[in-house]
Amino acid sequence: MATGQIFSKTTQALFYNYKQLPIQRMLDFDFLCGRETPSVAGIINPGSDGFQKLFFGQEEIAIPVHPTIEAACNAHPTADVFINFASFRSAAASSMSALKQPTMRVVAIIAEGVPESDAKQLISYARANNKVIIGPATVGGVQAGAFKIGDTAGTIDNIIQCKLYRPGSVGFVSKSGGMSNELYNTIARVTDGIYEGIAIGGDVFPGSTLSDHILRFNNIPQVKMMVVLGELGGSDEYSLVEALKQGKVQKPVVAWVSGTCARLFKSEVQFGHAGAKSGGELESAQAKNQALRDAGAVVPTSFEALESVIKETFEKLVEEGNIPPVPEVTPPPIPEDLNTAIKSGKVRAPTHIISTISDDRGEEPCYAGVPMSTIIERGYGVGDVISLLWFKRSLPRYCTQFIEICVMLCADHGPCVSGAHNSIVTARAGKDLVSSLVSGLLTIGPRFGGAIDDAARYFKDAYDRGLTPYEFVEGMKKKGIRVPGIGHRIKSRDNRDKRVQLLQKYAHAHFPSVKYMEYAVQVETYTLSKANNLVMNVDGAIGSLFLDLLSGSGMFSKQEIDEIVEIGYLNGLFVLARSIGLIGHTFDQKRLKQPLYRHPWEDVLYTK
């Protein structure tokens, strides 16, 4: 491995398995360091493509998403770092695929627990092809002021505290990602900061070793001293001991191996990482620390003394003139995300939608404040759900049962009415369910099923003003308006609409008052004196009876009743009901495999 620097201010990466937070942290670090281009060139989400929106400072940018590693590498030939956030199950396969791409130079494997046999194959291939693996089980690495991998160094506040926005003089390598964050802070307090930091990962077989990176740091002129944090278990630290003994490292190395407390336990203890357990005396932290000390590394007597030893080593180099002063820079402020600012109470932002009928933020959805479980446990029906979502209150059972009756009676009226006809023709044209349903619904209006609101509106106005049926009908005639809810193409005085009779019978049996319905019947009596087919239709029955429901229940004010009629609630009932039938007709035509409909020419009057 050896050679030198692996990252720079122009390094770009491909990010495998989209994770919003680590990518945004990388971009925020880029902005903090004054990079001109984002360090994330593309995202690989298997099977997906398109773009993901993220922020580069104040500017919102779109980062390309690719379905395969090959496609991403072809699209971004200058990206030579692969950051793999795949799970331990698939990390090996995707990492090997990345290593085989000619443009890839460094692969960082974040997942912990990659099978050891897979890890060995990855390591073997990388070494044979002069490529670098960081991980598995790593948080990544950072070159101060230039580039960082994923969540390395944590939050922006921690990065600023650790002075990682500009390069220092210390090369740092550790097995532990969590402890590397701690050491970045420690090093920043007592030196001019990190130049490059790497967490090689805590699995038994890391893709690169402590000594790999120390030897690399030794070849980087800007790195003046190195800090190593090892841990008990394994023999990785002994390769560094050999390198020191052979004189391959010419710069001061401060080292500490964690896990000295393991001897306090009577039996072998597995610490956090898979590789952090002692398999014998040579793998103990004490033995490793002593070997490093004997080889020439500066090793403190305890972890607590590590900070002072780093400080002394750094100050000695400064006194000897080996480390020139690092000019301090003020990093630009990172714009705060709106959601974060709102939560912290720093800003106020208006909402874009108001909802008063339902809430899905808790453990279960609520309809008008009633939890879903309560709706099921109390045996509520469709009428009860409509009362909650439309009227924002639990109406009495006779009201909700009336709503259900209306839905049942209006669900369908045969294949010949305009709505059903449209849905049938559309379904036979091979269109989908939604298209067929909508084509039928679009016919609902003043001439078909959409007169319920108008019937309620005109009947209410006439009754409330005390108009006689004669005054009401003749007044409408003078205005050129047909009385909504009166008249039928088929039904007549001697052939009444059974649906109207059923609704009236139910209302007489259950409603406290039917004053509006009785008024509508008086109007019907007058209109029948003019023509035999001017009977009350289902629109008129529902419209007048809904007025009785609203006023008789005692749960609505006059203003609320007027608003319900004006907004179109009652037509909504017909739309809901008739959707059932239109869907049925659509399914019926598809089930029967009916061909494209063409209207017969003999049924058309061709004229000039």
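The values are calculated or read from the model by the stated rules, or taken from the named source; none is laboratory data. Small disclaimer: the values here were computed from a predicted structure and weren't measured. Ideal geometry is used to build each Cβ from the backbone, glycine not excepted, and the neighbour counts take in all protein chains shown. Note: accessible area is taken over every heavy atom of the protein model, side chains too, but ligands, DNA and RNA are not part of it. Shrake-Rupley method; radii C 1.70, N 1.55, O 1.52, S 1.80 Å.
Numbers for the structure displayed
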quantity	calculated
Residues of segment 499-525 classified as buried (at least 19 other Cβ atoms within 10 Å of the Cβ) and assigned to a helix (DSSP H, G or I), total	11
Residues of segment 545-603 classified as open to solvent by less than 80 Å² (accessible area, probe 1.4 Å), hydrophobic (A, V, I, L, M, F, W, C) and not in a helix (DSSP H, G or I), total	2
Unmet requirement for residue 205, which otherwise passes all of (1) among the aromatic types (Phe, Trp, Tyr); (2) open to solvent by less than 20 Å² (accessible area, probe 1.4 Å); (3) in contact with a Lys or Arg (Cβ under 7 Å, 6 or more places away or on another chain)	(2)
All positions within segment 430-459 that are open to solvent by less than 30 Å² (accessible area, probe 1.4 Å), free of Cβ contacts under 8 Å to residues at least 60 places away in the same chain and part of a helix (DSSP H, G or I)	439
The listed residue being under 17 Å from residue 539 (Cα atoms), touching a helix residue (DSSP H, G or I) at 6+ places or on another chain (Cβ under 6 Å) and among the aromatic types (Phe, Trp, Tyr), out of 448, 511	448
Test: residue in segment 180-197 that is hydrophobic (A, V, I, L, M, F, W, C), within 32 Å of the chain's Cα centre (by Cα) and either modelled with pLDDT of 95 or more or part of a helix (DSSP H, G or I) (or both)	no
Residue 75 vs. criteria out of contact with any helix residue (DSSP H, G or I) (no Cβ under 6 Å at 6 or more places or on another chain), within 13 Å of residue 207 (Cβ to Cβ) and at pLDDT 95 or above	no
Index of the failed condition, residue 470 passing every other in (1) open to solvent by less than 60 Å² (accessible area, probe 1.4 Å); (2) farther than 22 Å from residue 513 by Cα; (3) hydroxyl-bearing (Ser, Thr, Tyr)	(1)
Condition broken by residue 427, with the remaining ones in (1) surrounded by fewer than 16 Cβ atoms within 10 Å (Cβ to Cβ); (2) in contact with a Lys or Arg (Cβ under 7 Å, 6 or more places away or on another chain) satisfied	(1)
Enumeration of residues in segment 526-544 that are part of a helix (DSSP H, G or I) and under 12 Å from residue 503 (Cα atoms)	538, 539, 540, 541, 542, 543, 544
Some residue of segment 397-420 being modelled with pLDDT of 95 or more, more than 42 Å from the chain's Cα centre (by Cα) and hydroxyl-bearing (Ser, Thr, Tyr)	yes
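So that you can scan it fast, the table gives a plain yes or no per residue for (1) crowded, with 24+ Cβ neighbours inside 10 Å; (2) within 17 Å of residue 139 (Cα to Cα); (3) in contact (Cβ under 8 Å) with a residue 12 or more places away in the chain:
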residue	(1), (2), (3)
165	no, no, yes
171	yes, yes, yes
185	no, yes, yes
188	no, no, yes
201	yes, yes, yes
